[in-house]
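Structure first, then comments.
What follows draws every value from the coordinates through simple rules; no lab data is involved. All values derive from a computational prediction rather than experimental measurement. Using ideal geometry, Cβ is built from the backbone for each residue, glycine included, and neighbour counts are taken over all protein chains shown.
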Protein chains: 2
Amino acid sequence: MQKGLLIVYTGDGKGKTTAALGMAMRAAGHGLPVCFVQFIKGSWHYGELEAVKRFDGLIDLHVMGRGFTWKSEDREEDARLARQAWDFACQAVDSGRYHTVVLDEFTYLLHYGMLAVEPCLEFLARRNPDQHVVITGRYAPEALIGAADLVTEMRMIKHPLKSGVRAQRGIEF
Amino acid sequence: MQKGLLIVYTGDGKGKTTAALGMAMRAAGHGLPVCFVQFIKGSWHYGELEAVKRFDGLIDLHVMGRGFTWKSEDREEDARLARQAWDFACQAVDSGRYHTVVLDEFTYLLHYGMLAVEPCLEFLARRNPDQHVVITGRYAPEALIGAADLVTEMRMIKHPLKSGVRAQRGIEF
């Protein structure tokens, strides 16, 4: 049995986006194209961007929205941008061009109510059965976990930023 | 405050080696060299190997041992190979040539008693203070977690191999 998986990396620990990045590069290593849709602006920096360039266009990176913050003063505008971003992701999934579509930090849009969970899950359930989709971000809703094939929770056991070490080039970004 | 971090990805979930791979490629994206020492043979396949080749020698991959199994009939030979692999890793750490040294699946050697934990931690404590080290694998001993700066536990919430889907190219390998 071989099928497109819905993979979720959630939890408050490090490594969710990094694991998705590793998966993207592994697929690209096979020559398989990947679409990486970033729902929160600013999670990728120079290191990731340069790394992706090494894969000769096999990894398409798309940055969506204006950096959803869940603290926005303008919830309507947030919801509009969230729907726009989701529509774009749906097109990537439906295009059939990609082995894997990564929806990076997508869970926040569900968690903060910028998108309704059920229609998103219905779309994912109807997708091409070969299509792998990877979703990252904290607070994955229970219904998403229920719908997923593979779910890993990254739990923060210890974090150096709590003990005064600042983010460092090549490590945090 | 800037310092070399000891980073641990542990737990029974997916994404430990993949997150380390993502970190290696992110550092290499910055032009920073990485040494990836693999303590369990066979965890890397074609996808990872091809991906790493895209970084023009910035990521050195070294496969150690004969695939420690913790079921070996010959514990003395295992312990000898484990020490040999550890010595190699120590040289990589001491060489000063790498921004990050990844000890992939290293925890098993500690967990299964092929190496003593304390001397390993003493070596890591004495390393160059700028040197980042990433250790992956299940069953990270408490003392290693105590010594680390950043620890994430990958918890398996759901796994498709349990529901009969086999490992797939570009996803599992």
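Quick notes on this one:
- Greater than 24 Å apart at Cα, pairs in A:K14/A:K41; A:K53/B:K41; A:K14/B:K14: A:K53/B:K41
- Shortest-first nm distances, B:S95 label point to equivalent points in other copies (7 Å, Cα→Cβ): 3.9
- Restricting the calculation to Cα atoms, segment B:21-163 yields a radius of gyration followed by a Dmax of 15.4, 46 Å.
- Each copy carries a label point for B:H45 at 7 Å from Cα toward Cβ; from one copy, the others' points are 3.3 nm away, ordered from shortest.
- Label 7 Å beyond Cα on the Cβ vector: B:K3 copy-to-copy distances, nm: 4.9
- Sequence of A:D149, A:D130 once ranked by neighbouring C-beta atoms within 10 Å, starting from the fewest: A:D130, A:D149
- Sorted into 10 angstrom bins from 0, the C-alpha pair distances of segment B:109-163 split as 18, 47, 23, 10, 2 percent.
- Averaged over the residues of B:8-15, the number of partner chain Cβ atoms lying within 10 Å of the residue Cβ comes to 6.
- Span per principal axis, largest first, for the Cα atoms of the protein assembly as shown (Å): 61, 48, 36
- Taking the fewest neighbouring Cβ atoms within 10 Å as the starting point, the ordered list for B:C90, A:C35 is B:C90, A:C35.
- Legend: mean number of C-beta atoms from other chains within 10 angstrom of residue C-beta atoms, peptide B:144-156, equals 6.
- For B:47-54, mean number of other protein chain Cβ atoms within 10 Å: 6
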